[in-house]
Amino acid sequence: MNIPSAAKTRTKAAKILVIDDESEITQIVEAFLSNAGYEVATENSSVMGIELAKQFRPDLILLDIMMPNMDGYEICDELKKSKETATVPVIFLTGKDSRDDKGRSFQVGGDMFVKKPFSCERLLEIITIVLASMSR
């Protein structure tokens, strides 16, 4: 599979953290993004996801909204309060699609809102756009 990606032309691959309680999703996204040239870490726990974000220092975070213990909004809020992760862009991945959810995702510091199910190719396009806008 030939995947066009800004990641392949970089000297250093962008680091992406995927936080989603569904291991099938994290596995699929990790395989696809790794193949596209990104360095990918995954976590299925909300609390551990926050800790991993601080240690891994990602360039971008893909975050599910509907998670046990802490939802994605709470996770994003915590990430934006931490000096290690405050400036990291967050793309919400969710099965939810109401205007309230979209509005709330931006209020807590999210940069994009992607509805599940999504195609990996479309997700890659969105990641490329968000990372390119951060490097300006």
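Bear in mind these aren't lab numbers, they're just calculated from the coordinates by the rules spelled out. None of the values given here were measured: they were computed from a predicted structure. Please note: Cβ atoms are built from the backbone with ideal geometry, for glycine as well, and neighbour counts cover all protein chains shown.
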The chain, dipole about Cα centre (Lys/Arg Cβ +1, Asp/Glu Cβ -1), debye to the nearest 20: 660 debye
query: Modelled label-to-label distance, residue 23 and residue 69, 7 Å Cα→beta-carbon offset: nm?
result: 1.6 nm
query: If you stretched the chain out fully between residue 125 and residue 107, how much longer would it get, using 0.36 nm times the residue separation minus the C-alpha to C-alpha distance?
result: 4.1 nm
- prompt: Binning every alpha carbon pair distance of the stretch 12-134 at 5 Å from zero, what are the percents per bin?
  reply: 2, 12, 25, 27, 22, 10, 2, 0
field: Under 21 Å, Cα to Cα: Lys pairs in the stretch 52-119, sequence gap 8 or more or different chains
entry: 9
task: Report the residues of the stretch 38-71 in range of a label on residue 80: point 7 Å along Cα→C-beta, backbone N strictly under 16 Å from it.
output: 61-65, 71
Principal-axis tilt of helix 72-81 within the chain, Cα atoms, nearest 10 degrees: 80 degrees
